[in-house]
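Q: The structure follows.
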Amino acid sequence: MARIVVVGGVNVDRVHRLARPLVPGGRHGVLSVRLRAGGGGLVTGAVLARMGHAVDLVCRMATDDPGLRAAAVARGLGLRLVSAGAPAGPTRPLDVLVDPQGERTILAPVDAEAEPIEGFEAGGADLVYVNVRRLGPDGVAALAAAPRSVAQVPLEAGERRPAGVLVAGRSDFPDRDVGAIRDLAASCRGVPSGLFVLTDGAGPVGIWEDGVPLESVGPPASVETHDSTGAGDAFAAGLIDALLRGCAPGEAVRAAREVARHFLMERSRFLPEVLPET
């Protein structure tokens, strides 16, 4: 299988299971709270490793107890961790609120991932995948030089992602319509050429190639899940795997949705549900 460099986060999630869906101004009962390893880099890397790929995960690693425990989970899943430096300060868990239908809301510090990933070694990799909020000039250059590349459209304006394939979720850009998200993708890529994939939760997935609509893949089969956290990251892993196997864009999106569906149905096969003690 392929060697893939994943540039992304390894976090500690504090998962709150709610007794009912969130209501603005409401008082919400919490059924349970637990810590687990999370982060977009960890989830995508874990799913790719489960599919048989060799994964180097480039991330900032905290050296306090929670950070070391999360790193141990990543290594236990078969990921080779490559440090991009330690984050400033101690590990600050992300609070993940999960309602009875599995919908999740994430509360993160406003300065999360404030420090950019400055660079990484991608020599010999078959593909580079980037999912970080900020990427320094050396990281941008490494992404541009990769033989194949996939990246998430960053949330911050002015960030560059010169990748052959860009992926975005509509829920990450609630104040933008489809056209505005597509324009943002083209802007951060720097050139109009390339593939752009826009997911919309349980809705259709839009695909554009070189700025031209290519296909809209209909809604996936419904799946009952107790927690939708990480679905987009599992989708990215499935998309990467399918593209490396030579699938056409529409076929790759369909394969990616199946990977995300299996992740939601059996997430404990991919990731431990609780952050283990060291």
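Q: State all residues of segment 93-119 that are in contact (Cβ under 8 Å) with a residue 60 or more places away in the chain and open to solvent by 40 Å² or more (accessible area, probe 1.4 Å); if no residue qualifies, say none.
A: Start the filter on segment 93-119 by keeping residues that are in contact (Cβ under 8 Å) with a residue 60 or more places away in the chain, which leaves 93-106, 113, 117.
Scanning segment 93-119 gives PRO100, GLN101, GLU103, ARG104, THR105, ILE106, GLU113.
Q: Test ARG69 against the criterion of being more than 16 Å from GLY8 (Cα to Cα), among the basic types (Lys, Arg) and touching a residue at least 24 places away in the same chain (Cβ under 8 Å), and give yes or no. First the steps, then the outcome.
A: Values: more than 16 Å from GLY8 (Cα to Cα): yes; among the basic types (Lys, Arg): yes; touching a residue at least 24 places away in the same chain (Cβ under 8 Å): yes.
Yes: the conditions hold for ARG69.
Q: Select, from PRO213, PRO192, PRO220, the only residue that is at negative phi, in a strand (DSSP E or B), modelled with pLDDT under 95 and open to solvent by 30 Å² or more (accessible area, probe 1.4 Å).
A: Details: PRO192 fails: in a strand (DSSP E or B); PRO220 fails: in a strand (DSSP E or B).
Answer to the selection: PRO213.
Q: Let me ask something additional. Any residue in segment 136-154 that is within 18 Å of VAL167 (Cα to Cα) and open to solvent by 60 Å² or more (accessible area, probe 1.4 Å) sitting within a Cβ distance under 7 Å of a residue that is of a type outside the set (S, T, N, Q) and in a strand (DSSP E or B)? List the pairs, counting only those 6 or more apart or interchain.
A: From residues that are within 18 Å of VAL167 (Cα to Cα) and open to solvent by 60 Å² or more (accessible area, probe 1.4 Å), the pairs are ARG148/LEU127.
Rundown of residues vs (1) over 19 Å from the mean Cα position of the chain (by Cα); (2) over 17 Å from GLY41 (Cα atoms), yes/no style:
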{"site": "GLU121", "(1), (2)": "yes, no"}
{"site": "VAL130", "(1), (2)": "no, no"}
{"site": "ARG133", "(1), (2)": "no, no"}
{"site": "GLY139", "(1), (2)": "no, no"}
{"site": "LEU143", "(1), (2)": "no, no"}
{"site": "SER149", "(1), (2)": "no, no"}
{"site": "VAL153", "(1), (2)": "no, no"}
{"site": "ALA157", "(1), (2)": "no, yes"}
{"site": "PRO162", "(1), (2)": "no, yes"}
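Q: Looking at ASP56, is it out of contact with any His (no Cβ under 6 Å at 6 or more places or on another chain) and either among the hydrophobic types (A, V, I, L, M, F, W, C) or within 23 Å of GLY102 (Cβ to Cβ) (or both)?
A: On the way: out of contact with any His (no Cβ under 6 Å at 6 or more places or on another chain): yes; either among the hydrophobic types (A, V, I, L, M, F, W, C) or within 23 Å of GLY102 (Cβ to Cβ) (or both): no.
No, not satisfied.
The values are calculated or read from the model by the stated rules, or taken from the named source; none is laboratory data. Predicted, not measured: the structure shown is a model, and the values here were computed from it. Note that each Cβ is placed from the backbone with ideal geometry, even for glycine, and that neighbours are counted across all protein chains shown. Quick note on the areas: whole protein, heavy atoms, side chains included, nothing else; ligands and nucleic acids left out. Shrake-Rupley method; radii C 1.70, N 1.55, O 1.52, S 1.80 Å.
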